[in-house]
1. Hey, residue 9 hits all of (1) in contact (Cβ under 8 Å) with a residue 12 or more places away in the chain; (2) open to solvent by less than 80 Å² (accessible area, probe 1.4 Å) but one; which does it fall short on?
2. Can you name every residue in the range 73-107 that is hydrophobic (A, V, I, L, M, F, W, C), assigned to a helix (DSSP H, G or I) and at pLDDT 95 or above?
3. I'm checking my understanding of the structure. Among residues of the range 132-151 that are open to solvent by less than 50 Å² (accessible area, probe 1.4 Å) and farther than 20 Å from residue 83 by Cβ, which one is modelled with the lowest pLDDT?
4. Could you list, in sequence order, all residues of the range 48-72 that are of a type in the set (A, V, I, L, M, F, W, C) and either exposed (fewer than 15 other Cβ atoms within 10 Å of the Cβ) or outside any helix (DSSP H, G or I) (or both)?
5. Is there a residue in the range 108-127 that is charged (D, E, K, R), modelled with pLDDT of 95 or more, in a helix (DSSP H, G or I) and open to solvent by less than 40 Å² (accessible area, probe 1.4 Å)?
6. Which members of the range 20-40 meet the condition of being part of a strand (DSSP E or B) and either small (Gly, Ala, Ser) or surrounded by fewer than 18 Cβ atoms within 10 Å (Cβ to Cβ) (or both)?
7. Would you confirm whether or not the range 135-158 contains a residue that is within 16 Å of residue 44 (Cα to Cα), part of a helix (DSSP H, G or I), touching a residue at least 24 places away in the same chain (Cβ under 8 Å) and not β-branched (Val, Ile, Thr)?
8. Can you list residue pairs whose Cβ atoms sit under 7 Å apart, with the first residue in the range 161-184 being at positive phi and modelled with pLDDT of 80 or more and the second being small (Gly, Ala, Ser) and open to solvent by less than 40 Å² (accessible area, probe 1.4 Å)? Count only pairs 6 or more apart in sequence or on different chains.
Amino acid sequence: QEFSSLPGKVAPVVCHVGRADQLEHLVNETEKIFGPADILVNNSATNIGQGPSLEVTDEMFAKMFEVNVVSALRLIRLTVPKMIARGTGGSIINISSIAGLRPQPGGLLYSATKAALIMMSRNWAIEFGKHNVRVNTIAPGLIETDFSEYFWKNEAHLKKLEATQPIPRVGTPDEIGGIALYLC
């Protein structure tokens, strides 16, 4: 209902990004409604591995990489060949994290997956750039979302975090959305 009030055409499609068949369905449904994709934003993430690195299980590792990294690779394979074939270019935006550049205490898996996404983006930019497909990565710090409320709702943790940041506050989704829109 909230989406239906937005200007333009909006079509929500239910998708578990950790499942290849559902990603194919997402791309197929999107193309039926809007036509071929010119823009892809990979913004999916999970963080089930917060804690000591020696407590990370194989299952946690697999799930984190499936959602945070493999989903982006799959969506690239589903969309970029068509962008290249059309010859009109495109824009890929991967949402990473400062954790991919600067490890977070207790955040081994999240940091590793976001670092992987940054490096994949660099490789894709080199490979796809000659086809006029731009690849950019946004690596924000703490953003006030439901996903990150564990961090920004804890007053002691928030004060400690803000003391280490150049701008001592939590970012907002609109700030990241504006950057993404510009890169599109």
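1. The one condition residue 9 does not meet is (2).
2. 73, 75, 76, 78, 80, 83, 84, 85
3. The qualifying residue modelled with the lowest pLDDT is 148.
4. Once the filter is applied, which keeps residues that are of a type in the set (A, V, I, L, M, F, W, C) and either exposed (fewer than 15 other Cβ atoms within 10 Å of the Cβ) or outside any helix (DSSP H, G or I) (or both), the range 48-72 yields 48, 54, 56, 62.
5. Checked against the condition, which is being charged (D, E, K, R), modelled with pLDDT of 95 or more, in a helix (DSSP H, G or I) and open to solvent by less than 40 Å² (accessible area, probe 1.4 Å), the range 108-127 yields at least one hit.
6. 39
7. No, that holds for no residue.
8. If the second residue must be small (Gly, Ala, Ser) and open to solvent by less than 40 Å² (accessible area, probe 1.4 Å), no pairs are left.
The values are calculated or read from the model by the stated rules, or taken from the named source; none is laboratory data. As the structure is a computational prediction, the values presented were derived from the model and not from experiment. Note that we place each Cβ from the backbone using ideal geometry, even for glycine, and neighbour counts take in every protein chain shown. Ligands, DNA and RNA are stripped out before the accessible areas are found, and what is left, the full protein with its side chains, is counted by its heavy atoms. Shrake-Rupley method; radii C 1.70, N 1.55, O 1.52, S 1.80 Å.
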